[in-house]
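Here is the structure we will look at.
The values are calculated or read from the model by the stated rules, or taken from the named source; none is laboratory data. All of these numbers come straight from a predicted model, not from anything done at the bench. Here the Cβ positions follow ideal geometry from the backbone for every residue, glycine too, while neighbour counts run over all protein chains shown. Just so you know, the surface numbers come from the protein's heavy atoms only, side chains and all, with ligands and any DNA or RNA stripped out. Shrake-Rupley method; radii C 1.70, N 1.55, O 1.52, S 1.80 Å.
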Amino acid sequence: MGFRKKNKSPAVLSHEFVIQNHADMVSCVAMVILLGLMFEVTAKFAIMFITVQYNVTQSLDERAEPVNLYQYGPKDMATVFFYLLIAVILHALIQEYILDKMNRRLHLSKTKHSKFNESGQLAAFYLISFIWGCSILTAEEFATNPTFLWEGYPHTHMVFQVKFFYICQMAYWLHALPELYFQKVRKEDIPRQLYYICLYVFHITGAYVLNLHRLGLVLLVPHSLVELLFHASRLFYFSDENKQKGFTLWALLFVIARLVTLTLSVLTFGFGLPRAENQGFSLAEGNFNVLTVRMTCLAAICLTQAWMMWKFINFQLKKWREHSQSQASKLKAISPKSKPHKKDPARGGSANGVLKSDDKTSPRARKVL
């Protein structure tokens, strides 16, 4: 299946060929993995890529039915790789059938075209993440009992939805790295995008490996809402520059989300985990509740939030300067031209460039005239 219309036929395996046909090539790799399920010899390898691994049957109550829970392990890398391929395919579908059609109608410049595509892809992802995260949290006790963030740590067991959520999160942000090449992102935009992609991979993977998936999930939901509002507001702004009210609401929620993140992080690493029953470091048990790990995690979160606030303040100051300059230019255009003032003839001044004097027969007057 072709996701992009090809006007030319570039040389096989050239850069342009890979960029134009990357979705088709990735689809072939995914199809090979799926076809592996059809044969008994390859099925045990193919299923490692497709299904969630490390399931554990546990009975929470003697009378209740056993519950399937999941742990993490090295085989999860294969699962993340497969869903990375799926993310690349979905990225191409959204780009081809939604964003490209909207771009042709809006006739945006190259700079706005790149930002429009970026915001369109991220808005779709954050919308799914927010709805999915909220549906998971509705089954948890956080709304009435925030202590579930650290009670019973280490949280080595996860329900299917939580583990699959984290696998999809890691797969999406890892797929964003090759997309910088596939989408021909401008060189000046690559460092900015690399910063936030690496931060997402680092924090989400850290929460997953350190068995802090409860805290990570709670922090990702409000963050996804704020980012969804920002990118949706930017899409509306590109369609009509007068639609800027969404940025005001985003600015308010952005500050609130940063405060909530810092509060929950300090509460978990500073007060909750130090008082938990299981203290110590054990890779076999998945226990990382030691002072060094707690302070490192808290420092990483605080530094990230400080960096985000610094970028936010600079963004707001830039917008304020642009608004002030535009207002000043409008006032200059509206204000009437100042009329020249006549000087006092007694001082030998001039009005409208003509010399005035009481004695018109003076030599000086005759010389000027």
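What whole-number value in Å² describes the accessible area per residue of the chain for a 1.4 Å probe?
On a per-residue basis, 63 Å².
Normalised by the number of residues in the chain, what is the relative contact order in percent for Cα pairs under 8 Å and 6+ residues apart?
Computed value for the chain: 14 percent relative contact order.
Please compute the contact order of segment 224-302 in relative form: average sequence separation of alpha-carbon pairs under 8 Å and at least six residues apart, divided by the residue count, as a percent.
22
Could you check the spin-label model distance between ALA300 and ILE19? Points 7 Å from the Cα along Cα→Cβ, value in nm.
3.4
If I fit a long axis through the Cα atoms of helix 190-209 and take the longest principal axis of the Cα atoms of the chain, what angle between them do I get, 0 to 90°, rounded to 10?
That works out to roughly 30 degrees.
For the chain, what does the helix formula give at 222 nm: sum of -39500 (n - 2.57) over DSSP H segments with n ≥ 4, over the residue count, nearest 500 deg cm²/dmol?
Working: 11 runs with 228 residues, N = 369.
Calculated from helices alone, the mean residue ellipticity at 222 nm is -21500 deg cm²/dmol.
For a 24 Å ceiling on Cα separation, which of these pairs sit above it: LYS112/LYS332; LYS163/LYS187; LYS245/LYS311; LYS115/LYS184; LYS75/LYS187?
Values: LYS112/LYS332 29 Å; LYS163/LYS187 35 Å; LYS245/LYS311 20 Å; LYS115/LYS184 12 Å; LYS75/LYS187 35 Å.
Violating the 24 Å Cα-Cα cut-off are LYS112/LYS332; LYS163/LYS187; LYS75/LYS187.
What does the charge count around GLN244 come to, taking other residues whose C-beta lies under 12 Å from its C-beta (Lys +1, Arg +1, Asp -1, Glu -1)?
Net charge around GLN244: +1.
I want to check the label-to-label distance for PHE45 and GLN244. Put each point 7 Å from Cα in the C-beta direction and report it in nm to one decimal.
5.8
With N denoting the number of residues in segment 6-93, provide Rg(C-alpha) divided by 2.2 N^0.38 Å, to two decimal places.
Numbers: Rg = 18.8 Å, N = 88, 2.2 N^0.38 = 12.1 Å.
Expressed relative to 2.2 N^0.38 Å, the Cα Rg reads 1.56.
Would you mind getting me the FRET efficiency between VAL52 and LYS332? Use the beta-carbon distance for r and R0 = 45 Å, nearest 0.05. Show your work: numbers first, answer last.
On the way: r = 64 Å, r/R0 = 1.42.
Efficiency for this residue pair is about 0.10.
Please get the size of the charge dipole for segment 1-139, origin at its Cα centre, with Cβ charges of +1 on Lys and Arg and -1 on Asp and Glu, quoted in debye to the nearest 20.
Computed about the Cα centre, the dipole is about 980 debye.
Once the Cβ-Cβ distance between SER59 and VAL32 is put in as r, and R0 is 56 Å, what FRET efficiency do you end up with, to the nearest 0.05?
Rounded to the nearest 0.05, the efficiency is 0.90.
According to a simple spin-label model (label point 7 Å from Cα along Cα-to-Cβ), what is the distance in nm between LYS318 and VAL159?
4.2
Give the carbon-plus-sulfur fraction of the accessible surface of segment 75-132 in %, rounded to a whole number; probe 1.4 Å, heavy atoms of protein chains only. The partial results should precede the final answer.
Details: 2070 of 2930 Å².
C and S fraction of accessible area: 71 percent.
With a 1.4 Å probe and all protein chains left in place, how much of the accessible area of segment 190-230 comes from carbon and sulfur atoms, in whole percent?
Percent of accessible area from carbon and sulfur atoms in segment 190-230: 83.
By how many degrees, between 0 and 90 and to the nearest 10, does the Cα long axis of helix 76-94 differ from the longest principal axis of the chain?
The helix 76-94 is inclined about 40 degrees to the chain.
Could you identify which residue out of ALA139, ALA124, ALA176 has the top mean-square fluctuation in a GNM of the chain using Cα springs shorter than 10 Å?
Among ALA139, ALA124, ALA176, the largest GNM mean-square fluctuation belongs to ALA139.
By how many degrees, 0 to 90 and rounded to 10, does the Cα axis of helix 15-35 deviate from the longest principal axis of the chain?
20
Does segment 119-231 come out rounded, prolate or oblate by the C-alpha gyration tensor, with a ≥ b ≥ c the root eigenvalues, rounded set by a/c under 1.5 and, if not, prolate when a/b is larger than b/c and oblate if not?
Cα axes put segment 119-231 in the prolate bin.
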